[in-house]
Amino acid sequence: MVLLYEDTPEEIRQCTKDELVRRLYKVTGMSSMVVGGNEYGTLVLLHSQEARPSGEVKAKNGAYKQNEEFRSSIKLLHTQFKALVAGYDFEINDLGEIKWLR
């Protein structure tokens, strides 16, 4: 699980509970690709509350933006990935409560 941010990790710590839910995604895929001789890692993220079968969810490309339209699945390059990571930066319990580790 990851909490996405746009500019700095500090913006996450100031979020309301609803805003945190909106930013919480699960990493569901990782791969790499070569474009013009440059190698990129790609990530596919699925929103934490998405319940539809994976075949019904279409990932939209691009980095996370705070005021964008909600995306149930996001595909991005490693250069666009800005997030805090569960188990390293925070812990989340069964009730959805977040404990900051760093």
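General observations
- Test: residue in the stretch 49-58 that is surrounded by 10 or more Cβ atoms within 10 Å (Cβ to Cβ), of a type in the set (Lys, Arg) and outside any loop (DSSP other than H, G, I, E, B): no
- Residue in the stretch 9-20 that is closer than 20 Å to Phe90 by Cβ, hydrophobic (A, V, I, L, M, F, W, C) and within 10 Å of the chain's Cα centre (by Cα) present: no
- Val44 satisfies every condition listed in (1) touching a Leu at 6+ places or on another chain (Cβ under 9 Å); (2) in a loop (DSSP other than H, G, I, E, B) except (2).
- Close pairs (6 angstrom Cβ cut-off, 6 or more residues apart or separate chains): at negative phi in the stretch 27-56, surrounded by 15 or more Cβ atoms within 10 Å (Cβ to Cβ) and part of a loop (DSSP other than H, G, I, E, B) anywhere: Leu43/Phe81; Val44/Ala59; His47/Ser72; Glu50/Ser72
- Residues that are under 12 Å from the mean Cα position of the chain (by Cα), under 15 Å from Lys26 (Cβ atoms) and hydrophobic (A, V, I, L, M, F, W, C), drawn from the stretch 60-102: Ile74, Leu76, Phe81, Ala83, Leu84, Val85, Ala86
- Of all residues making up the stretch 71-95, the number that are assigned to a loop (DSSP other than H, G, I, E, B) and in contact with a Pro (Cβ under 9 Å, 6 or more places away or on another chain): 2
- Selection from the stretch 1-41 of residues that are of a type in the set (Val, Ile, Thr) and not in a strand (DSSP E or B): Thr8, Ile12, Thr16, Val21
- Residue match in the stretch 19-37 (condition: loosely packed, with under 12 Cβ neighbours inside 10 Å, acidic (Asp, Glu) and either out of contact with any helix residue (DSSP H, G or I) (no Cβ under 7 Å at 6 or more places or on another chain) or at pLDDT 95 or above (or both)): no
The values are calculated or read from the model by the stated rules, or taken from the named source; none is laboratory data. These numbers were taken from a predicted model, which means no experiment stands behind them. Glycine also receives a Cβ, built like all others from the backbone with ideal geometry; neighbour counts cover every protein chain displayed.
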